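None of the figures in this text is laboratory data; all of them are computed from the coordinates on show. For clarity, every value in this text was computed on a predicted model and none was experimentally measured. Cβ: placed from backbone, ideal geometry, glycine included. Neighbour counts: every protein chain shown.
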Amino acid sequence: MVRGFTPVRWAISPVVNPWGLPWSSVWIFRIRAPRSPFSNEPIFLLSVEALRREPNDSEQIQPNLYNGRCFRARICHRARQNSRGYGGFVALRLLHFADLHLDRSFANERLFGVGAQRRREDLRSALQRIVERARQAKADLITCGGDLFEQDHVTRETASFVVQTLGEARLPVLIAPGHSDPAVPSSPYRYLRWPENVTVATHEELRPYRYGNVQIWTAGFMRPDVPDAPLRDFARSDEGTHLLLLHASDMSQVPAGITPDKPILPAQVEEAGFRHALLGHYHDARTGESITYPGSPEPLGWNESGRHCTALVMIDDDGAVQVILDDINQRRFAQETLDITGMTTLEHVREAVMAMREGKQLDGFVIRATLVGERDRALTLDPETLSMECSDGFAYLEFRDQSRVSHDLDTAAQEFTSRGEMVRKLVDHKKGSRQEEQAVGRALQLALDAFDQ
């Protein structure tokens, strides 16, 4: 027996011999390479049939990201030979996403309780839609540009959900951890056993992962603090088709309010010989000649009004790259202002909310509505009660009351009270400039509100 080989004996009749060999039994040897959730070493299956002839180019088994699933690589390779892109044969078709932020708290958005929990459920549903879209697109693999979950809040239940969902994809998955989900020792990336089809880049230096004729270079966050620029002094040693997968910041287009992580530039991507960079970190989708951000699959805050997509990336056999951004979000965040001046009943407010929803097509939105204007003294508002009564058609609705109670200044000025005296004196000051009138009007409003309390 050869060490490292596991022999399995198949009894075959000397008459029926599918290989035409002069013996009555055939030995098949299986070489097992070490497998782990982070291993990219293939498992080779060798048989007598494989030794009898050398496979031709169309049947050549190539190393791939499926942790050694060479049969899978062969099937995908044959499928690619039969599919054509706009520029020729499609050498690789992948689906890229990033910034899902599972188990996000939403505290910064002032979402709590049921509202926050529903948003977290939306994020889980988004991951399931991503996997289903990859199947429908007949993608060869799925890539994730980091921030799959939030390390500070992720639960073991959510981590197990991710493991199960990605395992059921039946596709290779390559993940580059980001600054919100660094592969620290306490990360699910480290303490859970991930499916064989999932590879996590638990290293800070760029390393290549080959799939067919395409190499995907990637690196992950191993600590929360910001690593250095990943493409500084970077040089490849071989030719071919190369992609870059990172959680990084394109410094040529940093969105407002975003802290840059792993700074790169489009010129660096091109100089390093990458055909395209698949990135994560920016939550609004954008794509250019050398860089693509798919955005977060669902909006994560009130200021995220851009597109939220997956990126279908097709690499032709000549190295040309095509990127298609497809919207995947089911929710949108919006902040609206509702003027309730002159309204006297809650029914008037409900009708105004329904008109706003229908007129602006806000069905299924996450809405924060700010009430402004001067309402009738008889109209009493409770934002929480109003939210429950007007929430039909919205994914979530909350009110902020910045309205004021209207006051009859003429009636108040005729009162022989300290309240009336105050009104008479302030009204006399309203005869100045426009700026003075506005200031006095505001002072009158605040003073009368104080008297009413």
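Key figures for this structure:
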| read-out | value |
| --- | --- |
| Mean Cα-pair separation over length for the stretch 333-405, i.e. relative contact order, pairs under 8 Å, 6 or more apart, % | 40 |
| Cα→Cβ-extended label distance, 7 Å offset, between ARG223 and GLU168, nm | 3.8 |
| Extension gain (nm, one decimal) between MET251 and GLN335, 0.36 nm per residue minus Cα-Cα | 27.3 nm |
| Label point distance in nm, ASN213-ARG400, each placed 7 Å from Cα along Cα→Cβ | 5.6 |
| Relative contact order (percent, whole number), the stretch 192-307, Cα cutoff 8 Å, 6+ residue spacing | 18 |
| Alpha-carbon centroid distance for the pair the stretch 285-301 / the stretch 171-205, whole angstrom | 21 |
| Calculated Rg and Dmax of the stretch 261-309 using C-alpha coordinates, Å | 12.1, 38 |
| Dimensions in Å of the stretch 70-327 - Rg and Dmax from alpha carbons | 17.4, 53 |
| Gained length - SER160 relative to MET388, 0.36 nm times residue gap less alpha-carbon distance | 78.7 nm |
| In sequence order, calculated HN-Hα J values of the stretch 182-193 (Karplus, 6.51, -1.76, 1.60; Hz; x Gly/Pro) | x, 7, 6, x, 8, 6, x, 4, 9, 9, 9, 8 |
| Burial order of peptide ranges 305-316, 149-160 (average beta-carbon count within 10 Å, highest first) | 305-316, 149-160 |
| Fully extended contour minus Cα-Cα distance, from LEU192 to ARG232, at 0.36 nm per residue | 11.1 nm |
| Ascending count of other beta-carbon atoms within 10 Å, so fewest first, for LYS138, LYS262 | LYS138, LYS262 |
| Distance between modelled label sites at VAL372 and MET356, nm, 7 Å Cα→Cβ extension | 1.1 |
| Largest-first principal axis extents of the Cα set of the stretch 333-405 (Å) | 33, 22, 19 |
